[in-house]
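S.K.: Below is one structure. I have some questions about it.
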Amino acid sequence: MPVVTATLSIPDTELDWSFSRSSGPGGQNVNKVNSKATLFWDVAQSPSLPNVVRQRFLEAFGNKINKQGQLVLSSQRFRDQPRNVRACLEKLQELLTLVESPPRRRKKTRPPRSATERRLSDKQAQAEKKQRRQSLRSDRSRGGEDF
């Protein structure tokens with residue numbers, strides 16, 4: 001079952017699997033069945049990944065990639081191996097859909113005039129409040145009249 005997104009398709013031949021005993025649910029089979037699925041995909045050498053998408057993928061998900069350049073995803077949420085395999089493939093598909101299209105550039109916008117005026121009036125009010133406080137303190141600090 002290849003991983004397919006809107007513009008990408010990763011064939012099964014590029015995916016390596018490893019199975020081990022799960023620490024999750026499993027009832028009596030938890031110590032006998034290898035239900036945990038671990039997916040290894042060589043992102044750095046994948047021919048089905050365009051260089052631009054590969055670069056975005058490596059920047060976004062570098063923490064999930066080992067020293068050999070392989071993406072490592074695992075799932076042990078379910079009690080049976082095929083469902084954990086499907087969960088790993090779904091995770092891979094989600095990661096690919098996040099990076100397959102370039103991020104949209106931010107349009108620079110100006111704040112509305114009312115927001116600027118409100119900010120400046122709040123700032124002026126704060127300055128006046130501090131100014132009123134300062135005049136009281138300055139009299140005491142100069143050694144004003146003792147009562």
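Read the figures in this text as sums done on the coordinates, not as results from a lab. Just so you know, these numbers come straight off a predicted model, no measurement behind them. All Cβ positions, even for glycine, are placed from backbone atoms using ideal geometry, and neighbour counts span all protein chains on display.
S.K.: Mind checking which lysines have their C-alpha under 29 Å from K32, skipping anything on the same chain fewer than 8 residues away?
M.R.: Once the sequence-local lysines are set aside, what remains near K32 is K64, K91.
S.K.: With a sphere of radius 15 Å drawn around the Cβ of K32, what net charge do the other residues whose Cβ falls strictly inside it have (Lys, Arg +1; Asp, Glu -1)?
M.R.: On the way: positive: R21, K36, R79; negative: D80.
So the surrounding residues net to +2.
S.K.: Using each residue's phi in the range 45-53, evaluate 6.51 cos²θ - 1.76 cosθ + 1.60 at θ = phi - 60° and report the 3J(HN,Hα) Karplus result to the nearest Hz, with x for Gly and Pro.
M.R.: Taking θ as phi minus 60°, the curve returns 10, 5, x, 8, 10, x, 4, 5, 5 Hz for the range 45-53.
S.K.: Of Q81, A44, L120, which is farthest on the positive side of the dipole of the chain, counting Cα position, with +1 on Lys and Arg Cβ, -1 on Asp and Glu Cβ, and the Cα centre as origin?
M.R.: L120
S.K.: Can you work out ³J(HN,Hα) from phi for every residue in the range 91-104, in order, using Karplus 6.51 cos²θ - 1.76 cosθ + 1.60 and θ = phi - 60°, giving whole Hz and x for Gly and Pro?
M.R.: Each residue of the range 91-104 in turn: 4, 4, 4, 4, 5, 5, 5, 5, 10, 5, 9, x, x, 6 Hz.
S.K.: Calculated from the structure, Cα extents along the principal axes in Å equals which of (1) 41, 36, 23; (2) 89, 43, 29; (3) 69, 58, 21?
M.R.: Evaluating Cα extents along the principal axes in Å on these atoms matches (2).
S.K.: Could you check which residue among S18, S121, S74 shows the biggest mean-square fluctuation in a GNM of the chain with a 10 Å Cα cutoff?
M.R.: S121
S.K.: Pick out which of Q124, Q28, Q93 has the largest mean-square fluctuation in a Gaussian network model of the chain, springs linking Cα atoms closer than 10 Å.
M.R.: Between Q124, Q28, Q93, it is Q124 that shows the largest mean-square fluctuation.
S.K.: Sticking with this structure for a sec: Counting helices only, and only those DSSP H runs with n ≥ 4, report the 222 nm mean residue ellipticity of the chain as the sum of -39,500 (n - 2.57) divided by its residues, in deg cm²/dmol to the nearest 500.
M.R.: Working: 3 runs with 58 residues, N = 147.
Taken over the chain, the calculation gives -13500 deg cm²/dmol.
S.K.: Here is a follow-up. What is the extension gain from K64 to K123, computed as 0.36 nm multiplied by their sequence separation minus the C-alpha to C-alpha distance, in nm to one decimal?
M.R.: So the chain would gain 16.6 nm between K64 and K123.
S.K.: Quick one: putting +1 on the C-beta of Lys and Arg, -1 on the C-beta of Asp and Glu, what dipole do you get for the range 3-99 around its Cα centre, in Debye to the nearest 20?
M.R.: Roughly 420 debye for the range 3-99.
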